[in-house]
1. Please determine, by comparing only the residues of the stretch 66-103 that are crowded, with 23+ Cβ neighbours inside 10 Å and not in a helix (DSSP H, G or I), which one is farthest from the chain's Cα centre (by Cα).
2. Please count how many residues of the stretch 104-130 are of a type in the set (D, E, K, R), surrounded by fewer than 14 Cβ atoms within 10 Å (Cβ to Cβ) and either under 12 Å from the mean Cα position of the chain (by Cα) or modelled with pLDDT under 95 (or both).
3. Looking at the stretch 25-48, I want the residues that are outside any helix (DSSP H, G or I) and have a partner that is not acidic (Asp, Glu) with Cβ atoms under 8 Å, at least 6 apart or on another chain. Which pairs are those?
4. For the stretch 38-86, which residues satisfy the criterion of being of a type in the set (Phe, Trp, Tyr) and under 25 Å from Val116 (Cβ atoms)?
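The values are calculated or read from the model by the stated rules, or taken from the named source; none is laboratory data. What you are looking at is a predicted structure, and each value in this text was computed from that prediction instead of being measured. Quick reminder, even Gly has a Cβ in these numbers, built from the backbone with ideal geometry, and neighbours come from all protein chains shown.
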Amino acid sequence: MSLDFFLFRIEDQSLQRPLCDCGLHIACGRTRIGAMNDEDRNYKYVSVLREHVTSDSICLCLSDGSLLGPLAARLGAKKVYCIDGNSLTRHVVRDHVRHNNLQDRVVILSSVQDLVSLVGTDDKVLSYSVSKKIKSRFLKPEDQHETC
């Protein structure tokens with residue numbers, strides 16, 4: 001049993017222990033959480049995004065719980081579409097977006113089809129795509145060079 005979270009009802013309400021209800025510890029393993037807190041790695045991501053993201057940028061973030069999309073919005077992107085197929089990590093990202101008041105610039109979707117329904121199929125909609133693990137397999141090969 002982990003001290004971080006517990007999925008079952010605790011009958012004895014007098015029990016006190018560290019309890020996380022953010023969902024991150026359920027959605028991500030310790031290795032992933034460690035990577036998310038790696039300062040050197042995060043500095044590299046921030047540096048690349050700072051170099052490319054402008055107030056006119058419209059970004060697509062393909063991920064499984066990545067905070068690169070909300071980061072692009074914090075750095076000034078006009079609009080960011082985050083596609084996350086995992087409902088647990090989507091919930092974590094949505095909470096992060098709400099906590100940082102980015103709801104007006106970050107749209108969280110569960111699939112590419114949701115994005116197409118929302119913005120259509122215009123080839124000129126996106127400025128950049130960002131992803132960590134998923135190498136933008138949804139983009140056309142000629143657009144791969146713009147992936148941050």
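1. Only one residue tops the list, namely Ala77.
2. Total satisfying the criteria: 3.
3. Cys28/Met36; Cys28/Gly65; Cys28/Thr89; Cys28/Val92
4. Once the filter is applied, which keeps residues that are of a type in the set (Phe, Trp, Tyr) and under 25 Å from Val116 (Cβ atoms), the stretch 38-86 yields only Tyr81.
Conditions tested, residue by residue: (1) modelled with pLDDT of 90 or more; (2) on the phi < 0 side of the Ramachandran plot.
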| position | (1), (2) |
| --- | --- |
| Arg9 | no, yes |
| Cys22 | no, yes |
| Gly65 | no, no |
| Leu68 | yes, yes |
